[in-house]
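A short worksheet on the structure shown next.
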Amino acid sequence: MLVNDLKHLAFIMDGNGRWAQRQNKKRSNGHNKGAKNARTITEYCVKIGIKYLTLYAFSTENWKRPKIEIEFLMKLLIKFLKKELKTLQKNNIKFDTIGDISRFSKPLQQAVLHVKKETSQCTGMTQILAINYGSRDEITRAVNRAIKKGKKVDEQDISNLLDTSNFPDIDLLIRTGGDQRLSNFLLWQNAYAELFFTNTLWPDFSIGELETILSKYRTTSRRFGAL
Ligand code: IPE
Ligand code: IPE
Ligand code: MG
């Protein structure tokens, strides 16, 4: 299915831990499975012509989790980036991130920069990983940049000061895992996004279900306040 009017698709990939716990496995198993699914969904999105795909992988609030889970997630991110590079290059996908990566370990920061650099010439789709991302943190950083400039700002200026300055606003946001909330994700950029919530846990989210959501999206009239 080709989707021409959908430039930017975003996912809140929620439910990894519950997926594992339901099978009496450790939460880390769910994160592993979730990372694999991110790859599957990414490869499908590039095939159907989506230009920007943003994946919420670690929020500014996720630091509140037990140290052991955070450590696992940091290792998984490094592993994911290393493996992902081949997939990205094969599919002509450019890699980018949003969020404040300065809080991460040096090896993780280096891995991010390496994948960004190695895919900088790719033109098929941009995969944007939201890591140590929180919308309020992003807006706060943007406001401080604006204050430094010392000029009045308009809406476009604010968009340009956000981590997403190079990307269009979200057209479609999908959250898996059953909760109907934004969890501090792209509050500015989702202003006119279509929102879809599914009970499916992220490791189980399939291309088939994505297709169903895309069909619904295509029949939605997006008025942006007009008639
Ligand atoms: C989403 O899955 C992944 C991250 C937030 C890192 P969770 O880890 O939140 O899984 P649940 O919601 O506890 O099932
Ligand atoms: C949102 O999931 C963040 C990511 C998917 C990375 P959470 O599991 O952190 O969200 P809450 O705490 O249920 O709102
Ligand atoms: Mg969760």
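Which residues' amide hydrogens lie under 5 Å from the amide hydrogen of Leu201, considering only partners 5 or more residues apart or on another chain, with H built in the peptide plane?
Gly177
Rank Thr123, Thr140 by accessible area, highest first, at a 1.4 Å probe radius?
Working: Thr123 105, Thr140 80 Å².
So, going from the largest accessible area down, we get Thr123, Thr140.
First check a/c for the chain, with a ≥ b ≥ c the square roots of the eigenvalues of its C-alpha gyration tensor; if it is under 1.5, answer rounded, and if not, answer prolate when a/b is larger than b/c or oblate otherwise. Mind showing how you got there, number by number?
Numbers: a/c = 1.36, a/b = 1.09, b/c = 1.24.
Taking the square roots of the gyration eigenvalues as a ≥ b ≥ c, the chain is rounded.
Checking the a/c ratio against 1.5 first, then a/b against b/c, what shape does the Cα gyration tensor give for segment 15-150?
oblate
Would you tally the net charge around Glu138, using a Cβ to Cβ cut-off of less than 12 Å, leaving Glu138 out, and scoring K and R as +1, D and E as -1? Walk me through the numbers on the way to the answer.
Details: positive: Arg136, Arg141, Arg145; negative: Asp100, Asp137, Asp163.
Net charge in that neighbourhood comes out at 0.
Quick check on segment 98-197: take the gyration tensor over C-alpha atoms, sort the square-rooted eigenvalues as a ≥ b ≥ c, and tell me if it's rounded (a/c under 1.5), prolate or oblate. Display every interim value, and only then the final one.
Numbers: a/c = 1.44, a/b = 1.02, b/c = 1.42.
Verdict is rounded for segment 98-197.
Sorted by accessible area (1.4 Å probe), largest first, how do Phe224, Phe167, Phe72, Phe58 line up?
Working: Phe224 115, Phe167 25, Phe72 60, Phe58 5 Å².
Largest accessible area first, the residues go Phe224, Phe72, Phe167, Phe58.
In deg cm²/dmol, rounded to 500, what helix-only [θ] at 222 nm does the chain give when every DSSP H run of at least 4 residues adds -39500 (n - 2.57) and the total is split over its residues? The partial results should precede the final answer.
Working: 7 runs with 99 residues, N = 227.
Here the helix-only value at 222 nm equals -14000 deg cm²/dmol.
When all protein chains stay in place, what accessible area (Å², nearest 10, 1.4 Å probe) is found for His114?
100 Å²
Glu43 to Thr140: FRET efficiency via 1/(1 + (r/R0)^6), r the Cβ-Cβ distance, R0 35 Å, to the nearest 0.05? Could you put the intermediate results ahead of the total?
On the way: r = 35 Å, r/R0 = 0.99.
Step by step, r from the Cβ atoms, then E = 0.50.
Normalised by the number of residues in the chain, what is the relative contact order in percent for Cα pairs under 8 Å and 6+ residues apart? Don't skip to the answer; put the middle values down first.
Working: 343 pairs, mean separation 62.2, N = 227.
Over the chain, the number comes to 27 percent.
I'd like the distance between the alpha-carbon centres of segment 1-64 and segment 211-227, rounded to an integer number of Å.
Distance between centres, Cα-based: 22 Å.
The values are calculated or read from the model by the stated rules, or taken from the named source; none is laboratory data. Because the structure is predicted, anything quoted here is derived from the model rather than measured. Using ideal geometry, Cβ is built from the backbone for each residue, glycine included, and neighbour counts are taken over all protein chains shown. Heads up: the accessible areas ignore ligands, DNA and RNA and are worked out on the full protein's heavy atoms, side chains in. Shrake-Rupley method; radii C 1.70, N 1.55, O 1.52, S 1.80 Å.
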